[in-house]
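Novice: Sharing a structure, written as structure tokens. Questions coming.
The values are calculated or read from the model by the stated rules, or taken from the named source; none is laboratory data. Note that the coordinates shown come from a computational prediction; the quantities given were computed from them, not determined experimentally. With ideal geometry, Cβ positions are generated from the backbone for all residues, glycine too; neighbour counts draw on all protein chains shown. Keep in mind that these areas ignore ligands, DNA and RNA; they rest on the heavy atoms of the full protein, side chains included. Shrake-Rupley method; radii C 1.70, N 1.55, O 1.52, S 1.80 Å.
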Amino acid sequence: MYMAAKRTRTVGRQGYTGAAGQMYVYGNAVPKQEPRQRPERNPERPKKKVSRQVQKNRRKALCMSPGYVVFLSAAAILVLVICVNYVKLQSRMTGYSKNIASLQGELANMREENHTKYNAVMDSVNLDEVREKAQKDLGMVYASPEQVVTYSRPSADYVKQYENIPEDGVLAQSDKN
């Protein structure tokens, strides 16, 4: 299948010319191609006369005014400064990201170490042992029901005890019930 091919006839052979102008020939005898001749340009073509105003406009278009040069220079310097600052900012952000990653790894290691030590301390403390030691060696006993005084909690989350708890169990009256 030949895409965009058109049929041409050659002397004694049948071939196809492709889109690029190349000729496909079937068989084992390929004819020599003659070089294509380009049409010669006419070197003696008359030049058109250009008016003085057109020549002046062309020269003016090729020149740049000092104001335009200053503007372009300022714009180029501004773009350069912005690019340098952007690269610095990107570099700083990369450094911060690496620093954050290392600090997060350090924090994870510290948390793991803290958790391990906490578990070791909690495993080393036996509350039954503490109770026995308090009762036997230090002579401590549980409070009897007569010694327990209940009180109503004031509106605050905590209580500072400066005096003994009153017999009626009320420490302070609050506006909110």
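Novice: Counting only residues that are at pLDDT 75 or above and in a loop (DSSP other than H, G, I, E, B), how many does segment 37-74 have?
Specialist: Qualifying residue count for the region: 7.
Novice: So, one more: Could you figure out which of (1) in a helix (DSSP H, G or I); (2) surrounded by 10 or more Cβ atoms within 10 Å (Cβ to Cβ) isn't true of Met140?
Specialist: (1)
Novice: Please go through (1) assigned to a loop (DSSP other than H, G, I, E, B); (2) at pLDDT below 75; (3) open to solvent by 90 Å² or more (accessible area, probe 1.4 Å) for Tyr24 and return the number of the only condition it doesn't satisfy.
Specialist: Against the list (1) assigned to a loop (DSSP other than H, G, I, E, B); (2) at pLDDT below 75; (3) open to solvent by 90 Å² or more (accessible area, probe 1.4 Å), Tyr24 comes up short only on (1).
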